[in-house]
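Values quoted throughout were computed directly from the atomic coordinates according to the rules given, and no laboratory measurement underlies them. Remember, predicted model here, so these are calculated numbers, not experimental data. FYI the Cβ positions are ideal-geometry reconstructions off the backbone, even for glycines, and counts take in every protein chain you see.
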Amino acid sequence: MKVLPLPVDSPHAATHPSSDRPSIIILLQEVQEKHGYLPRQEVIRCAHEAGISVAQAYGVASFYNFFKLAPPGKHTIRVCLGTACHVQGAQGLLQQLQSELGIETGETTPDGLFSLETVACLGACSMSPALVIDGEVFGRVNPRQVPRILGRYRRRE
Ligand code: FES
């Protein structure tokens, strides 16, 4: 069977195994591990190292939602949208957090204090709806509790 090359604009083209260059995904992962996100200068360096354009590197970085293009907040809030949490009102909880923080999912507050993310399951289904902040799990969270929960982290500053 003949394998056709991937289109140049495909995010997967940058990782085609026939290339002698390092995989752009591996390079970007290393940068994110080091910095917590992908600083522009590092993306440019990775693009050169992988032998692709900067636009292609950003295409890969934005295609995979585990890559972050902006620095994370001091505290990362992860809201579970898994089935058990969804049934128990996780969407309303997420909307309350977005409203309180003034950001959308995947964004960081302008003061750099909070980042907001969603996950498929936290492994705390019996406590749904659940969220986790920096590893601290909050279960059976009512949206009305959101200001108090955020306040705990704001007061620590
Ligand atoms: S579905 Fe939310 S913790 Fe499992």
- Query: When the label point is put 7 Å from the Cα of Glu157 along its Cα-to-beta-carbon vector, which residues of the range 78-98 have a backbone N closer than 17 Å?
  - Reply: 78, 97-98
- Query: Fewest first, what order do Glu107, Glu33, Glu136 take by the number of other Cβ atoms within 10 Å?
  - Reply: Glu33, Glu136, Glu107
- Message: How far apart, in nanometres, would the label points at Glu136 and Arg40 be if each is projected 7 angstrom from Cα along the Cα-to-Cβ direction?
- Response: 3.5 nm
- Note on the structure: In nm², the average projected area of the convex hull spanned by the Cα atoms of the range 62-151 is 5.6 nm²
- Item | Per DSSP, loop trypsin sites (Lys or Arg not before Pro) in the range 62-157 with at most 14 further Cβ within 10 Å | Arg140, Arg156
- Query: Computed FRET efficiency, Cβ-Cβ of Glu30 and Thr109, R0 35 Å: what is it to the nearest 0.05?
  - Reply: 0.80
- Task: Note down the net charge around Glu157, summing +1 for each Lys or Arg and -1 for each Asp or Glu among other residues with Cβ under 13 Å from its Cβ.
- Result: +4
- Note on the structure: Summing +1 per Lys or Arg and -1 per Asp or Glu among the other residues with Cβ less than 14 Å from Leu28's Cβ gives +1
- Message: For the chain, which cysteines have no second Cys with its Cβ under 4.7 Å from theirs?
- Response: Cys46, Cys121, Cys125
- Note on the structure: Here the gain from full extension of Cys121 to Arg148, 0.36 nm per residue of separation minus their alpha-carbon distance, amounts to 7.4 nm
- Item | For Arg78, net neighbour charge (Lys/Arg +1, Asp/Glu -1) across residues whose Cβ lies under 14 Å away | -3
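Kindly provide the helix-only [θ] at 222 nm of the chain, computed as the sum of -39,500 (n - 2.57) over DSSP H runs of four or more divided by all residues, to the nearest 500 deg cm²/dmol?
-11000 deg cm²/dmol
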- Query: Counting alpha carbon pairs within less than 8 Å and at least 6 residues apart, what relative contact order, in whole percent, applies to the range 75-155?
  - Reply: 37 percent
- Can you put Ile103, Ile26 in order of Cβ neighbours within 10 angstrom, beginning with the fewest? Ile26, Ile103
- Dimensions in Å of the chain - Rg and Dmax from alpha carbons: 18.9, 63
- Query: For the modelled label position 7 Å from the Cα of His86 along Cα-to-Cβ, which residues of the range 105-146 have backbone nitrogen atoms closer than 14 Å?
  - Reply: 119-122
- Roughly how many whole Å is it from the C-alpha centroid of the range 103-134 to that of the range 51-88? 12 Å
